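Just so it is clear, none of the values below were taken in a lab; they were calculated from the coordinates. What you see is a predicted model; the values in this text were computed from it and never measured. Note that we place each Cβ from the backbone using ideal geometry, even for glycine, and neighbour counts take in every protein chain shown.
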Amino acid sequence: MTSLEDLPIRDDLRGSEPYGAPQLPDGIQLNVNENSFGIPASVQSSILEEIKKVLGNLHRYPDREFTRLRKALSGYLPSNPAVEQIWAANGSNEILQQFHQAFGGPGRLVLSFGPTYSMYPVIAKGTLTDYIELPREEDYKLTPQYVVDAIIRHKPDVVILCNPNNPTGTAIENDVIEAAYEATGGMVVVDEAYAEFSSSESAISLLKNRPRLVISRTMSKAFAFAGVRLGYLVADSAVVDAMRLVRLPYHLSSLTQAASIAAIENSELMLSNVKQISQERERVAQGLAELELKVLPSESNFLFVEGFRDPRGVFDYLLSNGLIIRKTVIDGALRITIGTPSENDKLLELMPKALASLD
Ligand SMILES: *Cc1c(COP(=O)(O)O)cnc(C)c1O
């Protein structure tokens, strides 16, 4: 049997492990921040109708510029950015990868503030981009001064700010983004994967006269569309031109485009559970706080919970009872996605038992 080590693979990839959270299709999955409510039945029918329309044309390549999809996104987004300012790809992970292909690369440095999204270093590595992650401030917050000092010290080519931040749920105000933009001559990316759950204003409102600012978004979380793989960015149209230099031609399939158009045209229905998820988040937070755990304020569909004496033991106990949550890189901390009310009930029922079993 040939092993990876026998192949003339890139030296910097030797010994690496593939990234990926475990999947538990028959259990309660509260580990990857999906929307557990799923897609409303009426929207499922609309999606099927849109897909039917393209079936007769699947022998042709898709619209390379996915213009209808970009128009739909423009109609959905706050302040309706121009179609030329919008770009989409297979998940915001691919958005970030294309961005790195165009603005990162050998000799270029990306700066972020951790703990943050664990794909940032993976995407940097895959594109041969240098990556540095500085610790966040107290309770994982970020202030303009701290971010500006970091930029002056490290002179990054790209700054990534995740807002609200995964895995901590922490939101930043737009003044942090404005200060970061002023402090650097490089690109500033705001990853708004959880924007629909947040009460703070989208950085899309800052785009005017800021051609180096990029807002990355996804339909995987609030839109309950993780299985389709649709992410997008909003930026100056020149940034979109840069994406065209590195994208593979026809990267968004006709099926993806059709399904996404139908979902966005039904955005109100697709997002109808967002409010309930936020309410459930506060209910779960209270339930966990009563167990003497420290629950961080969250503006997303998950909670960052600290104060576990044996987080691995808790993770294993829940898993053996058919419920999966997420380990984190922070000592004593776990991340828990908010699910449906019955899934959350199950979590709140199992958690005290998990803690008791480990005492
Ligand atoms: C989930 C997530 C993404 C990307 O997800 P895609 O499914 O690739 O769109 C991007 N950024 C953050 C912070 C995330 O949590």
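All other residues whose Cβ lies under 14 angstrom from that of Ala333 are scored, Lys and Arg at +1 and Asp and Glu at -1, for a net of +3.
The spread of Cα positions in the chain, taken along each principal axis and listed from longest to shortest, comes to 58, 54, 53 Å.
Taking the centroid of alpha carbons for each part, segment 32-67 and segment 146-211 are 31 Å apart. Each Cα pair under 8 Å and six or more residues apart adds its sequence gap; the mean of these over the residue count of segment 180-287 is a relative contact order of 22 percent. Going by a ≥ b ≥ c, the root eigenvalues of the Cα gyration tensor, does segment 282-359 fall in the rounded group (a/c under 1.5), the prolate group (a/b larger than b/c) or the oblate group? Because its axes are fairly even, with a/c under 1.5, segment 282-359 counts as rounded. Here segment 294-314 and segment 78-121 have alpha carbon centers that stand 27 Å from each other.
Could you size up the charge dipole of the chain around its Cα centre, putting +1 on the beta carbon of Lys and Arg and -1 on that of Asp and Glu, and report it in debye to the nearest 20?
980 debye
Between the amide H of Lys294 and those of Glu306, Gly307, distances stay under 5 Å, these residues lying 5 or more places away or on another chain, with hydrogens modeled in the peptide plane. What the Kirkwood sum gives for segment 236-300 is a hydrodynamic radius of 15.9 Å, with every pair of different alpha carbons counted. Among Lys275, Lys327, the order by Cβ neighbours within 10 angstrom, fewest to most, reads Lys275, Lys327. Within a straight-line Cα-Cα reach of under 25 Å, Lys346 can be paired with the following lysines, leaving aside sequence neighbours fewer than 8 residues apart in one chain: Lys221, Lys275, Lys294, Lys327.
For segment 143-275, rounded, prolate or oblate, judged on the Cα gyration tensor with a ≥ b ≥ c (square roots of eigenvalues), a/c < 1.5 rounded, else prolate if a/b > b/c? Note, shape of segment 143-275 comes out oblate.
If you rank Leu111, Leu252, Leu296 by fewest surrounding Cβ atoms within 10 Å, what's the result?
Lowest to highest Cβ neighbour count: Leu296, Leu252, Leu111.
In the P(r) worked out for segment 180-219, what percent of Cα pairs fall beyond 15 Å? Roughly 41 percent, rounded to a whole number.
Largest mean-square fluctuation among Leu13, Leu207, Leu288, in a Gaussian network model of the chain whose springs join Cα atoms under 10 Å apart, belongs to Leu13.
Remark: segment 38-44, residue by residue, has Karplus-estimated 3J(HN,Hα) of x, 8, x, 4, 5, 6, 4 Hz, where x stands for each Gly or Pro and the curve is 6.51 cos²θ - 1.76 cosθ + 1.60 at θ = phi - 60°. Note on segment 1-63: semi-axes of the ellipsoid equivalent to its C-alpha gyration tensor, largest first and rounded to whole Å, are 38, 24, 10. Ignoring lysines fewer than eight residues from Lys155 along the same chain, the ones with Cα atoms less than 30 angstrom from its Cα are Lys125, Lys141, Lys208. Please label the shape of segment 1-119 as rounded, prolate or oblate, based on the square roots a ≥ b ≥ c of the eigenvalues of the alpha-carbon gyration tensor (a/c under 1.5 means rounded; beyond that, a/b larger than b/c means prolate, else oblate). Prolate is the answer for segment 1-119, as a/c is 1.5 or above and a/b outweighs b/c.
Farthest toward the dipole's positive end in the chain, which of Met243, Tyr120, Ala333, given Cβ charges of +1 (Lys, Arg) and -1 (Asp, Glu) about the Cα centre? The listed residue farthest towards the positive side: Met243.
In order along segment 298-308, the phi-based Karplus estimate (6.51 cos²θ - 1.76 cosθ + 1.60, θ = phi - 60°) of 3J(HN,Hα) comes to 10, 10, 9, 9, 8, 10, 9, 10, 10, x, 7 Hz; Gly and Pro are listed as x.
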